[in-house]
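Written below as structure tokens is the structure these notes are about.
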2 protein chains.
Amino acid sequence: MPPRKSSSQPTEAELEILHILWAKGSATVRDVFDAMNERKATGYTTALKLMQIMFEKGLVIRDESERTHKYAAAVTRNDTQASIVESVIDKAFGGSAHALVMSALGSGKTTDDELAKIQALIEAARRQQK
Amino acid sequence: MPPRKSSSQPTEAELEILHILWAKGSATVRDVFDAMNERKATGYTTALKLMQIMFEKGLVIRDESERTHKYAAAVTRNDTQASIVESVIDKAFGGSAHALVMSALGSGKTTDDELAKIQALIEAARRQQK
DNA sequence: GTATAACTACGAAGTGCTACGTAGTTTGCC
DNA sequence: GGCAAACTACGTAGCACTTCGTAGTTATAC
């Protein structure tokens, strides 16, 4: 059984930075700032401050051996997503995972192809579970 | 095609009140306050203020014909949940619904029974879709 | 009828998130 | 060496959310 993480949930802006770090593995503030600005104009110090706060929260680690710090995610994508899903299940779906899945399927955004993939995943999960 | 709602996303506290209203259909502030306090102690005026704000936001409607107003949800559970799921898919799962479902299934909270139900739902969804 | 309780409306404080500007320091270039 | 550019640290403003207190009004109970 893996140890239950208790690190605070990333905010929306923090999550965006985590996505960049997950993709790049390791990055400077400049790297993250550039990636952020491909989507939406923002200030350099905004990215910097966010990453400093994330460091304080333990969401990222950083290498300070050089003047230009190197940042990396301290939480995994899977753990973070799982924690978000868990919280959504609790807060919005009364604790029922299958209600959430139902809603995700009913969103109309799911293609038949995706449904097929999901079905395969469930097959696998059921086999694994028993 | 149903008209796309643009009402603002309910906050966590607002969602809790919506759950109560969805369950009761219609309720006074007192009703909601009592229900809230079964889970967590809070002040009466806190519930009142939240509901007034929700009224301004259009999340609830109310009947003011009596001194004690009667509140009801103005948004459906399905629409609200769908909107939350959509936003989570976008913000945390890079737009991929099946990644979210995968995560929900991997949370370890899903029983085999639930998996079976989900499988049945997918069957239904696929039939409906084509 | 007067006091008590219940109800609505309003204001405001405390907190967390986001966004920037400024200051101070180091690097790199002429 | 001196100037410009890049970097970190810090403070803080603006906003939304949550929470509660106070004030004022209406119903209820003796």
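Every read-out reported here was derived from the displayed coordinates using simple, explicitly stated rules and does not represent laboratory data. Please read all numbers here as calculations on a predicted model, not as lab measurements. As a convention, Cβ positions derive from the backbone with ideal geometry for all residues, glycine included, and neighbour counts pool all protein chains shown.
For this structure, a couple of remarks:
- For A:His69, label point 7 Å along C-beta direction: distances to other copies, nm: 4.7
- Shape of the stretch A:77-129, Cα gyration tensor, a/c cut at 1.5: oblate
- Residue (of A:Thr111, A:Ala47, B:Gln9) at the positive-pole extreme of the protein assembly as shown, dipole from beta-carbon charges: A:Thr111
- Set A:Lys49/A:Lys70; A:Lys91/B:Lys49; A:Lys40/A:Lys70 screened for pairs whose C-alpha atoms are more than 18 Å apart: A:Lys91/B:Lys49; A:Lys40/A:Lys70
- Inter-copy spacing of A:Thr46 label points, which lie 7 Å from Cα along Cα→Cβ, given in nm from shortest upward: 3.3
- Copies compared at B:Asp112 - label distances in nm, ascending, label defined 7 Å from Cα in the Cβ direction: 3.2
- For the segment A:87-94, counting C-beta atoms of other chains within 10 Å of every residue's C-beta and taking the mean gives 5.
- Inter-chain shielding of A:111-124 (mean C-beta neighbours from other protein chains, 10 Å cut-off): 5
- Shape of the protein assembly as shown, Cα gyration tensor, a/c cut at 1.5: oblate
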